[in-house]
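Written below as structure tokens is the structure these notes are about.
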Amino acid sequence: MSAPRGSLPSDGPGPGQPGFQERRRYPRLRRFLEHPVVGISVFLLVLVSVVLLVVETFAPIQPETRRDLEIANDILTALFFIEVGLRWLVSPTTRRFLDRHWLDLLALMPMLRVFRLSRVFAIVRLFRIFSLGAFLQNRVRLLGSVFEARVIEYSLLLVFVIFAITFGAIGLAQFEVGHDPDLQNHGDAFWKALFSLLAGEYASYPRTLGGKVIFTILVVFGMGVFAMLTGTISAVMMEKLKESAMHRNTNPDDLSGHIIICGYSSKAATLVSEFQLERKFADADILIVSEHADIEDLQARGVKIDRVSILKEDFTHLETLRRAGVDRARAAVILSEGSGHRTTQDIDARTILAALSVEKLHPGIHTSAELYHPEFADHLKTGGVEDVVIQGEFSGKLLARIAANEGMLAFFKDILSRSEGNSLMFLETPAALVGQEFVAAMARLHTERQMITIGVRPPNGTLLVNPRTYRLNPADELLVIVPASQA
């Protein structure tokens, strides 16, 4: 069955289009290539390739050794071709693949035997290094928040290193200058202290007792600096791997036909879970744009995070929305994000700014927004936002209904979730029902398909609830209650 007209429109690649099929067919392969271990492995292989190039160019090597280097180069070439080929498979389009990986393709040419006789092509081989720029840039952005949170530890480490170098330089200047032939002035003492701290050894044995004591202390300092540095880096890496942030913060350039959620609140987990249960969104990635988004919090709330990505930036900035790929997204939801000391008016102002910016960047997208104050809803409607939900409006009415009618809560819980029970959905009017009255169509659908019809939406019109004498038209859509397994 084709998607109902009233469903959220998709501006990204749809079924049958190259970009859609290529990317949706290999989601596991794409996640594998985005894993940090794969990226680091490719990085190390590139460095090995460059080292081999330097050795082949400058080192006096025997013919047997050169043959061994050529075999190693052939192995690296095969691995790089496989890696580039896999990245082409998971790219949304061939054009985007060429935009992002043309340096990789250029760097592979001189690795083939047919091109190795040219020194110019050997230099081109170094271009592979530049393709690592995007890889490193993405990782630096991901680790930014962690480094910011650990500024005290890094400051203490820096102070400790400066103190150790200063202590060693002054001590060696006092005791070793004039006694050690390698130390002619205080500047030599500084460099000797620095290299001794980093290397953990003294170029020549200290001549004086004071110099020996200073060197012993420098060695202890060096071990401390090394332990602090490796411990801090290990803590950073373990923290990010624990959060799975290395591959959850997917590059938005890889997304197409995705869902964007601007803002983060307790509703985000429910929103993501319900989107994942929708059949038409089963293969859609979900990108949460918020400075406060937390992948661990979503996981703790039982959300499947395989297709969930996070962009930790301010969603009210146009550049952030462009990076999020609004022009390629199929739907956008703007949540009321309360943080700090913002008033509800401030929160609504941010929601309105983000919603209007989304509509400006992608007029055809289906946008839903959440507000605190109903008087602002007209601003969003005028700007093209299709659906506006007022905070507390529906929950208040729901409380009134269930307070007046005991047991009604179970009904709403059943139809508002797709996880179990029944669900609401729009259905294109079957040809056999065209021209029939609503009541007759309702009875027939219940008998033949076990669906309960509760309303009709005419083309470009508002929903009509239980219009008993309304005659169905071919372009009408029926609002039905169906078992969740059929939704």
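The values are calculated or read from the model by the stated rules, or taken from the named source; none is laboratory data. The structure presented is a predicted model; accordingly, all values stated were derived computationally and were not measured. So basically every Cβ, Gly included, is an ideal-geometry build from the backbone, and we count neighbours across all protein chains shown.
Can you spot a residue in region 47-55 that is within 21 Å of the chain's Cα centre (by Cα), modelled with pLDDT under 70 and more than 30 Å from Glu359 (Cβ to Cβ)?
There is no residue in region 47-55 that is within 21 Å of the chain's Cα centre (by Cα), modelled with pLDDT under 70 and more than 30 Å from Glu359 (Cβ to Cβ).
Test each condition in (1) assigned by TED's automatic domain parsing to the domain that holds Phe275; (2) within 26 Å of Pro483 (Cα to Cα) for Leu463 and report the one that comes out false.
Tallying (1) assigned by TED's automatic domain parsing to the domain that holds Phe275; (2) within 26 Å of Pro483 (Cα to Cα), Leu463 fails exactly one: (1).
Having 3 or more residues that are within 26 Å of the chain's Cα centre (by Cα) is the bar; report the helices (runs of 4 or more DSSP H) wholly within region 322-415 that clear it.
344-361
Out of all the residues in region 350-390, which are closer than 20 Å to Ala324 by Cα and either without any contact (Cβ under 8 Å) to a residue 12 or more places away in the chain or exposed (fewer than 15 other Cβ atoms within 10 Å of the Cβ) (or both)?
If the condition is that a residue be closer than 20 Å to Ala324 by Cα and either without any contact (Cβ under 8 Å) to a residue 12 or more places away in the chain or exposed (fewer than 15 other Cβ atoms within 10 Å of the Cβ) (or both), then Lys360, Pro363, Gly364 are the ones that fit.
Applying the selection to region 317-349, what residues are among the basic types (Lys, Arg) and touching a residue at least 40 places away in the same chain (Cβ under 8 Å)?
Arg323, Arg328, Arg330
Does Ser417 count as small (Gly, Ala, Ser), assigned by TED's automatic domain parsing to the domain that holds Gln450 and in contact (Cβ under 8 Å) with a residue 40 or more places away in the chain?
Criteria met by Ser417.
What's the total number of residues in region 424-471 that are in a strand (DSSP E or B) and of a type outside the set (Val, Ile, Thr)?
10
Can you find a residue that is under 30 Å from Gln345 (Cβ atoms), surrounded by fewer than 17 Cβ atoms within 10 Å (Cβ to Cβ) and at pLDDT below 90 anywhere in region 419-433?
No - not one qualifying residue is present in region 419-433.
I want to confirm something. Restricting to region 472-487 and keeping residues that are part of a strand (DSSP E or B) and surrounded by 15 or more Cβ atoms within 10 Å (Cβ to Cβ), which single residue is modelled with the lowest pLDDT?
Val482
Considering only residues of region 417-467 that are over 22 Å from Phe275 (Cα atoms) and hydroxyl-bearing (Ser, Thr, Tyr), which is nearest to the chain's Cα centre (by Cα)?
Only one residue fits best here, namely Thr462.
Please work out if Gly407 is at positive phi and either of a type in the set (A, V, I, L, M) or exposed (fewer than 11 other Cβ atoms within 10 Å of the Cβ) (or both).
Criteria met by Gly407.
Give me the pairs, please: first residue somewhere in region 62-81 and surrounded by 13 or more Cβ atoms within 10 Å (Cβ to Cβ), second residue anywhere and of a type in the set (Gly, Ala, Ser), beta-carbon distance under 7 Å, and either six or more positions apart or on two chains.
Final answer for the pair search is Leu76/Ser49.
Residues in region 174-230 that are of a type in the set (Ser, Thr, Tyr), crowded, with 17+ Cβ neighbours inside 10 Å and not in a loop (DSSP other than H, G, I, E, B): how many?
The qualifying residues number 1.
Could you list, in sequence order, all residues of region 71-105 that are under 20 Å from the mean Cα position of the chain (by Cα) and not in a loop (DSSP other than H, G, I, E, B)?
If the condition is that a residue be under 20 Å from the mean Cα position of the chain (by Cα) and not in a loop (DSSP other than H, G, I, E, B), then Leu86, Arg87, Trp88, Leu89, Val90, Arg96, Phe97, Asp99, Arg100, His101 are the ones that fit.
Looking only at region 278-321, count every residue that is outside any loop (DSSP other than H, G, I, E, B), small (Gly, Ala, Ser) and out of contact with any strand residue (DSSP E or B) (no Cβ under 9 Å at 6 or more places or on another chain) and tell me the total.
1
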